[in-house]
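Engineer: I have a structure here, written as structure tokens, and I will follow up with some questions on it.
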Amino acid sequence: MKTPIDVAVTGAAGQISYQLLFRLAAGNFLGNDQPVILHLLEIPSAMDALKGIIMELNDCASPLLHRIEITDDPMVAFKNVDFAFLIGAKPRGPGMERRDLLADNANIFAHQGKALNAVARRDVKILVTGNPANTNALIAMHNAPDLKPENFSAMSRLDHNRGLAQLAEKCGVLPLDVKNMIIWGNHSTSQYPDLHHTKVKGQDALSLVDQRWFEQQFIPTVQDRGTAIIKARGQSSAGSAAHAALDQMRNWVQGTEAGDWVSMGVRSDGSYGIKKGLVYSFPVTIENGKVSIVQGLTINKFSAERMKASENELKEEREAVKHLLG
Ligand code: NAX
């Protein structure tokens, strides 16, 4: 049996975690020969609910689940962890402005960044899902000066997977037949799902669908999918979000397929003219845990404008939290 890996999950009593924890315990992350120790972080008021979830996890009698630790202290939760799924965040309340949400969550991620800096393993992989995910990742990164920016990523995989599914359905193929999808920018409605480099069974996607569908159906459907799900289900996406979190972390460990890439929110190095330092979703390839932004893609005026609009939104978010960036 392999040595157990230590996995932290924040917001452990929330609805995304409820979809994630059982899959972590069942080996859906790194395989059914990889034991796990779960470190679960919640706020005190959610501890009773969390205890119920732990009863359920224990009732699975999973051979891979070696231990569960629960705490409301990030310094305890992140101690020696190999992986951290930062899911917990405050939802937008009635009458709350985006700015207020940003401010509340910014403090959570500053605090958690400091704790990760102090106690996590130096090669920890940290995936930020809690919204606003890109800027929360930026804050955590800035508050963890002893970790590398490469230890952090923000989740854009759900948007990427949504793009794969929409295009596959339109073309009458399976999602696995679609390669080289790109989500540029922020995990918000300003994101730009780009098909200019996407292939469907080896053919250019944009030669198979008309420009009108791309502009008027595909882009808004992917951008607004979260809202459509809330409208239909009465709650925000949880199963697909947990699935995407696993996909993104798994690719980070196991690498991307030859000839394909994935979208991931990472620190911009200035590629494609995107302001250095912002956490922006790019197409990336991954090998031996090292993430590289795909270089040399041709960007036309249509794409450049949309990429810029999302960059501008991220700049505004950064401005709003600059007091926490040190
Ligand atoms: P829930 O409200 O069901 O769960 C959030 C949990 O976080 C709650 O149990 C709460 O007690 C806990 N929490 C709050 N503050 C905390 C803190 N300081 N430390 C630890 N735990 C804390 O939300 P859920 O539906 O699970 O969504 C979680 C986050 O993911 C939200 O911010 C949501 O907006 C975001 N999402 C991000 C997505 C992405 O693609 N990046 C997609 C799905 C999702 O909307």
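Engineer: Out of the residues in segment 155-193 that are among the aliphatic types (A, V, I, L, M) and under 25 Å from Ala89 (Cα atoms), state the one that is surrounded by the fewest Cβ atoms within 10 Å (Cβ to Cβ). Step through it out loud before you land on a result.
Structural biologist: Residues of segment 155-193 that are among the aliphatic types (A, V, I, L, M), as a first pass: 155, 158, 164-165, 167-168, 173-174, 176, 178, 181-183.
Going one step further and asking which of them are under 25 Å from Ala89 (Cα atoms), we end up with 155, 158, 183.
Values: Met155: 29, Leu158: 25, Ile183: 28.
Looking at the filtered set, the residue picked out is Leu158.
Engineer: Could you go through segment 59-74 and let me know if any residue there is crowded, with 23+ Cβ neighbours inside 10 Å and either within 28 Å of Pro132 (Cα to Cα) or aromatic (Phe, Trp, Tyr) (or both).
Structural biologist: Yes, segment 59-74 contains a residue that is crowded, with 23+ Cβ neighbours inside 10 Å and either within 28 Å of Pro132 (Cα to Cα) or aromatic (Phe, Trp, Tyr) (or both).
Engineer: While we're looking at this one, here's another question. Could you list all residues from segment 1-21 that are part of a loop (DSSP other than H, G, I, E, B), near the ligand (Cβ under 9 Å from one of its atoms) and more than 11 Å from Ile68 (Cβ to Cβ)?
Structural biologist: Scanning segment 1-21 gives Gly11, Ala13, Gly14.
Engineer: Let me ask you something else. Could you count how many residues in segment 22-50 are more than 11 Å from the ligand (Cβ to nearest atom) and surrounded by 13 or more Cβ atoms within 10 Å (Cβ to Cβ)?
Structural biologist: Matching residues across segment 22-50 total 15.
Engineer: Looking only at segment 75-86, which residues are within 16 Å of the ligand (Cβ to nearest atom), touching a residue at least 40 places away in the same chain (Cβ under 8 Å) and surrounded by fewer than 17 Cβ atoms within 10 Å (Cβ to Cβ)?
Structural biologist: Met75
Engineer: Taking Val266 as the residue in question, decide whether it is in contact (Cβ under 8 Å) with a residue 24 or more places away in the chain, part of a strand (DSSP E or B) and among the β-branched types (Val, Ile, Thr).
Structural biologist: On the way: in contact (Cβ under 8 Å) with a residue 24 or more places away in the chain: yes; part of a strand (DSSP E or B): yes; among the β-branched types (Val, Ile, Thr): yes.
Taking the combined requirement at face value, the residue satisfies it.
Engineer: In addition: Please state which of the following conditions Val76 fails to meet, knowing it meets all the rest: (1) among the aliphatic types (A, V, I, L, M); (2) closer than 20 Å to Ile16 by Cβ; (3) outside any loop (DSSP other than H, G, I, E, B).
Structural biologist: Condition not satisfied by Val76: (2).
Engineer: Which of the residues belonging to segment 150-196 are within 16 Å of the ligand (Cβ to nearest atom) and assigned to a helix (DSSP H, G or I)? Break it down into steps so the answer makes sense when it comes.
Structural biologist: First pass over segment 150-196, keeping only residues within 16 Å of the ligand (Cβ to nearest atom): 152-166, 181-193.
Scanning segment 150-196 gives Arg157, Leu158, Asp159, His160, Asn161, Arg162, Gly163, Leu164, Ala165, Gln166.
Laboratory data are not the source of any read-out in this text; all were calculated from the coordinates shown. Please read these numbers as outputs of a predicted model, since none were measured by experiment. Glycine gets a Cβ as well: all are built from the backbone with ideal geometry, and neighbour counts include every protein chain shown.
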